[in-house]
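**Q** Below is the structure I would like to discuss, written out as structure tokens.
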Amino acid sequence: MERIPILKMGEFLLVTIQIDMHDQLAITLQDDLTQQIVKHRAHGVLIDISSLEIVDSFIGRMIGNIAGMARMLDAETVLVGMKPAVAITLVELGMSLTGVRTALNVEKGMAVLQGSLKGKEFFGRDIER
Amino acid sequence: MAAILKDETAAITSSSDIVKVRQLVRELAISLGFTLVEQTKVVTAASELARNALVHGGGGNVRMQALNNETRRGLKLTFSDEGPGIADLEQALKDGFSTGSGMGLGLSGAKRLANEFEIESAPGQGTKVMITRWRNT
């Protein structure tokens, strides 16, 4: 079966969507990611959509779902690399992906995840004391 | 009356056909000289309407016409299905209204992304949605 690869990078998972996904593939990715978060005890998910030419309401919903599920599994999600034309179209479509953190590129997205992880550690120490 | 430069029809019977419709519409939009933003809007609208035809209409087809009149060029897409049809069109066009598992943005979103929008539907009569996106000049 066709699948989008999920890479593990330290405490984070990295997904680069490089093909025009059909709906079932998007659902499979959502399921795979939630399982991998738990399996690897990941604290962050970075989704790179810099190769995606369009994001319609179905793919948008899938991204929102992933962020919501990841949050419940104690992982942050950052969406990176959205093309300007895609952003313009998504807002006009009526989908602004509220609740999904974004960054311009992979490097900045990683910084966001690392920042939120540091915040968590600090908070954790504070409680123990 | 606009001259028709190209006239193609594609079937929509599976979720991979939605991807194919996106590709065909993209090619036509490029051939008409649409900007990247215009291409993205019309391809996204096509994706929403193709999914509607598949999910709510049980499959159907899309007719894609590249138009040219004296002053402008455009892309007209007609999605037809033989599904159960829509009883309350006004309600179906509202943001957030959904009978399926989606966000309910398909019809209303596609309408916003197009310059012209028309829908014909009645219970038991199937659904026909026509959108036209004109190239900005």
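The values are calculated or read from the model by the stated rules, or taken from the named source; none is laboratory data. Remember, predicted model here, so these are calculated numbers, not experimental data. Cβ coordinates were reconstructed from backbone atoms using ideal geometry, including for glycine residues, and neighbour counts include every protein chain displayed.
Okay, residues lined up against (1) under 26 Å from residue A:88 (Cβ atoms); (2) exposed (fewer than 15 other Cβ atoms within 10 Å of the Cβ); (3) of a type in the set (A, V, I, L, M):
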site: B:11; (1), (2), (3): no, yes, yes
site: B:14; (1), (2), (3): no, yes, no
site: B:41; (1), (2), (3): yes, no, no
site: B:44; (1), (2), (3): yes, no, no
site: B:53; (1), (2), (3): yes, no, yes
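**Q** Is at least one residue of segment A:66-83 under 22 Å from residue B:26 (Cα atoms), assigned to a helix (DSSP H, G or I), within 14 Å of chain B (Cβ to nearest Cβ) and modelled with pLDDT of 95 or more?
**A** No; the residues of segment A:66-83 include none that is under 22 Å from residue B:26 (Cα atoms), assigned to a helix (DSSP H, G or I), within 14 Å of chain B (Cβ to nearest Cβ) and modelled with pLDDT of 95 or more.
**Q** If I filter segment A:6-42 down to residues being aliphatic (A, V, I, L, M) and in a strand (DSSP E or B), which single residue comes out as surrounded by the most Cβ atoms within 10 Å (Cβ to Cβ)?
**A** Within segment A:6-42, the match that is surrounded by the most Cβ atoms within 10 Å (Cβ to Cβ) is A:13.
**Q** Give all pairs with beta carbons closer than 6 Å in which a residue from segment B:2-18 that is more than 14 Å from chain A (Cβ to nearest Cβ) meets a residue that is basic (Lys, Arg) and surrounded by 13 or more Cβ atoms within 10 Å (Cβ to Cβ); count only pairs at least 6 apart in sequence or on separate chains.
**A** B:9/B:63
**Q** Of the conditions (1) in contact with a strand residue (DSSP E or B) (Cβ under 6 Å, 6 or more places away or on another chain); (2) farther than 16 Å from residue B:109 by Cβ, residue B:69 fails just one. Which one is it?
**A** It fails just one condition, (1).
**Q** Only residues that are among the charged types (D, E, K, R) and in contact with a His (Cβ under 8 Å, 6 or more places away or on another chain): list them for segment A:55-90, please.
**A** A:74, A:76
**Q** Follow-up. When you look at residue B:133, is it over 16 Å from residue B:18 (Cβ atoms), in contact with a Leu (Cβ under 8 Å, 6 or more places away or on another chain), surrounded by fewer than 18 Cβ atoms within 10 Å (Cβ to Cβ) and within 14 Å of chain A (Cβ to nearest Cβ), yes or no?
**A** Here the answer is no, as residue B:133 does not meet what is asked.
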